[in-house]
1. Taking THR435 as the residue in question, decide whether it is exposed (fewer than 13 other Cβ atoms within 10 Å of the Cβ), out of contact with any Gly (no Cβ under 7 Å at 6 or more places or on another chain) and within 30 Å of LYS450 (Cα to Cα).
2. What residue, of LEU212, LEU217, LEU144, is touching a helix residue (DSSP H, G or I) at 6+ places or on another chain (Cβ under 6 Å) and at pLDDT below 95?
3. Looking only at the range 353-383, which residues are within 23 Å of ARG335 (Cβ to Cβ) and open to solvent by 50 Å² or more (accessible area, probe 1.4 Å)?
4. Among the residues of the range 39-98, count how many are hydroxyl-bearing (Ser, Thr, Tyr), within 25 Å of GLY179 (Cα to Cα) and modelled with pLDDT of 75 or more.
5. Suppose we keep only residues that are without any contact (Cβ under 8 Å) to a residue 12 or more places away in the chain and open to solvent by 40 Å² or more (accessible area, probe 1.4 Å) within the range 438-457. Which one would you say is farthest from VAL415 (Cα to Cα)?
6. From the set of residues in the range 310-339 that are part of a loop (DSSP other than H, G, I, E, B) and of a type in the set (Ser, Thr, Tyr), which is least open to solvent (accessible area, probe 1.4 Å)?
7. Sort out for me the helices (runs of 4 or more DSSP H) sitting completely within the range 216-264 that have 2 or more residues that are among the small types (Gly, Ala, Ser) and within 25 Å of ARG300 (Cβ to Cβ).
8. Does any residue of the range 342-349 turn out to be open to solvent by less than 10 Å² (accessible area, probe 1.4 Å), at pLDDT below 90 and in a helix (DSSP H, G or I)?
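The values are calculated or read from the model by the stated rules, or taken from the named source; none is laboratory data. What you are looking at is a predicted structure, and each value in this text was computed from that prediction instead of being measured. FYI the Cβ positions are ideal-geometry reconstructions off the backbone, even for glycines, and counts take in every protein chain you see. Accessible surface areas use protein heavy atoms only, side chains included; no ligands, DNA or RNA. Shrake-Rupley method; radii C 1.70, N 1.55, O 1.52, S 1.80 Å.
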Amino acid sequence: MDFVLRLRSGTNLLLSVLSTFQLAFCQSKHKYSSFAYQETSLLEPLSHGTLVRQMTCAIVQNRSFDSQMAIVDIHPWTVGAVCEVLRAIPRFFFQSGRSVGRQHSFRRRAPLRQRDLGQEAEDSSNGVRLRGPAAYRDPSKVNLGLTKALEFYSWVEVECGFSHNEITCKEMACVLAKGNALKKLWHFLHEMAKREGQLVNTVTLTCIIKILGEEGLVKEALAAFYRMKQFHCKPDVVAYNTIIGALCRVGNFKMARFLLDQMEIPGFRCPPDTFTYTILIGFYCKHSLQTGCRKAIRRRIWEANHLFRHMIFKGFTPDVVTYNCLIDGLCKTYRIGRAMELLDDMLQRGFNPNKVTYNSFIRYYSVVNEVEKAIVMMRSMELRRHGTPTSSSFTPIIHALCEARRSTEAQDFLVEMVDRGSIPREYTYKLVCDTLALAGQASLPHELCKKIEDGISTRYKQVMRVKPVMKYKDMISQ
């Protein structure tokens, strides 16, 4: 109580600290009382960030919305504030303790498969462990988040007099899509489409298609793509690229090629662009490595090369990303000759290869125990000023040198890596130490070891902030 009283006469900086403390505390315990909110709401002026944090705190605490929380006179609701509150709901309700953290983009290492929501609900009721994006999710927590999102969306309009536009409509639709509430999603879109003004547009439906594809609901994403006409929306090239990427993510290349052939029809309203071909080439190379069948690998790589040549024949100029996708697939399938041809073609066309391009070659030469060529490739990247080597460049070389029992050279590259500002992984650090011990050589200098251990410990603490389920297992002492 004394802290709140002192805060009333303090500065806005202390107010921000208290609001941050409220949000962090209610996220972990969900039992923080509403007294702090009522006390801080009396302070003037209330900043935009404080308003968002306090409303997010109220949603996490599952408090009911009322007129006392409107506080329109102090700080009116804006489009940015409403969008920030809606974006915070999936982060606090939809992510599990085993999630990778607050990532801003989609990233999934395992192959994604088409999900069946009905089968998942039946398996969950029978106690069967789910796989994929729905694994470790708490259904009751997800339903609570969806309910609070809809309540907030209606409350901010009725009680605060806020007028929703296409931006807030899109954010609300994204929340429903991330919660896999398809019936609520389509009901919400139809209700918004009845209002004056085009609240449901092509951008909104494209974002829904992207999220459904990332969630493994590709059939539902394809249905959303074909339902654009119901909302008087016309799909553009971005919408086509999004649905093609979603289909390729689950391995449905037949339907993806059908859409590409449709776009290539002369006079079609949405002709393909460079990104369309790059998406298909990248997924062809990625799925070739996930099949585990040599015949399938050869087929996918052939299709990627054929599409690359077809792209050039159509008059499109491949960019660096297109080259990197194909070169990476060729290097991982041990087709180094064709990869070198593409590298020479890049230079002839005036494109500058970047660090991703050279790292593909460095990983290949390190795997096949041609470490000298990997070192030459890394040095040529520096000489041509195409990039600066980082941990992703040094790590394959160091591992290859350790496997070849060339401990002195591995130590030199580790020292160079640290001097350039990169911290190795714990496995790489221990591998070099074990290699030096087996060779009977002196261990790494104490200052270098301390610098590496401090860097690993700092990186681990940063991960622990967003992934608290991790435990100290074989971790360097703090």
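1. No; evaluated as a whole, the condition is false for this residue.
2. Sole residue among the options that is touching a helix residue (DSSP H, G or I) at 6+ places or on another chain (Cβ under 6 Å) and at pLDDT below 95: LEU212.
3. Within the range 353-383, ASN354, LYS355, VAL356, ARG363, VAL367, ASN369, GLU370, GLU372, LYS373, VAL376 meet the criteria.
4. 3
5. Top of the filtered list is GLY440.
6. Of everything passing the filter in the range 310-339, THR333 is least open to solvent (accessible area, probe 1.4 Å).
7. Those helices (runs of 4 or more DSSP H) span 237-249.
8. Among the residues of the range 342-349, not one is open to solvent by less than 10 Å² (accessible area, probe 1.4 Å), at pLDDT below 90 and in a helix (DSSP H, G or I), which makes the answer no.
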